[in-house]
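Report on the structure given below.
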Amino acid sequence: MADKKLFAQNPAGLLRVGEGFRLADQPTNAAPGFSGGKSDGGTALAARSGVLSVLQEQLFAESRYGGTKSVLLVLQAMDTAGKGGIVGHVVGSVDPQGVALKAFKAPTDEEKSHDFLWRIRKAVPAAGMFGVFDRSHYEDVLIHRVHGWADAAELERRYAAINDFEAELVANGTTVVKVMLNISPEEQKARLTARLADPSKHWKYSTSDLDERAYWPKYMDAYQAAFEQTSTPAAPWHVVPADKKWYARLAVQEIVVEALSKLNLQWPKGDFDLAAEQARVAAC
């Protein structure tokens, strides 16, 4: 559970997309459910990293003895919203051998020759793995809706295909955690400006970021449609305020901890005679 001294309500429930959700009404610069400030958030993030690490190790260990569970964290956001920070500060706190990270870029010609889920299916986490999608299959309904690359009928087909795909994952033992990092256009501008002012960050800057920024209202409409169509009981969306990086990281960490906690993970019992092995070690 979340730290009761800091979280008045667990963000896994507080930030979940439910009936009547409107993205336009959601704050981007708030810290819902959290009573502390930035320094408190940093302390809590470090403390909860240990909890997350143990849960991830249990997930990995179970799979070595026949366990079939896995977790998939889907990260979606406008550029500069902090997906990389989530990967570095949240996912980066666990054992990398149990992490399957996939950053989806523009599809290749080969990938375009297949259905949009073809490349996604190849990257789903195996049993015991903590999978992370930095962008995902949702690009194929978001950007295609914004730029009119798919008509209404095709978009509806894709929403349905996504729901079927995610239901299949859940049925096969994968817990799907979907997070949209909700940044304001003003904060994005500040972050783009900061990147240009720092030569060590120029590699992160892309001129296409600014091009897509011009479509901001259309992207917000596309996200709203995606939430309405694909936030299901089996795989709900969570919308996390992202103007405060420290809060976004802490909230996503807690959402993942909550998801792993619900799996009732156990340390596997070794397939050996404990007393006999203790005696052998003592004698060697």
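The values are calculated or read from the model by the stated rules, or taken from the named source; none is laboratory data. None of the values given here were measured: they were computed from a predicted structure. Reconstructed Cβ throughout: ideal geometry from the backbone, glycine too, with neighbour counts over all protein chains shown. Quick note on the areas: whole protein, heavy atoms, side chains included, nothing else; ligands and nucleic acids left out. Shrake-Rupley method; radii C 1.70, N 1.55, O 1.52, S 1.80 Å.
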Checklist outcome for this item: The summed charge of the Asp115 Cβ neighbourhood (under 13 Å; Lys/Arg +1, Asp/Glu -1) stands at +1
Checklist outcome for this item: Charge dipole of the range 110-242 built from unit charges on the beta carbon (Lys, Arg +1; Asp, Glu -1), centred at mean Cα; most positive-end Cα among Tyr215, Phe130, Ala234 is Phe130
Checklist outcome for this item: Any residue on another chain or 5+ positions along whose placed amide H is under 5 Å from the amide H of His238 is listed here as Val17, Lys178, Val179, Met180
Checklist entry - Which of the DSSP-defined H helices in the chain satisfy a minimum axial length of 27 Å, computed from C-alpha atoms, and a minimum mean Kyte-Doolittle hydropathy of 1.6? => result none
Checklist entry - Stokes-Einstein D for the range 137-203 at 10 °C, 1.306 mPa s, Kirkwood Rh over Cα pairs, in µm²/s? => result 105 µm²/s
Item to check | Portion, in percent, of the accessible area of the range 44-119 that falls on carbon or sulfur, probe 1.4 Å | outcome: 54 percent
Next on the checklist: Around Leu196, under 13 Å between beta carbons, what's the net of Lys plus Arg minus Asp minus Glu among the other residues?
Outcome noted: +3
Checklist entry - Hey, rough spin-label estimate for Ser206 and Glu258, points 7 angstrom out along Cα→Cβ, what's it come to in nanometres? => result 3.1 nm
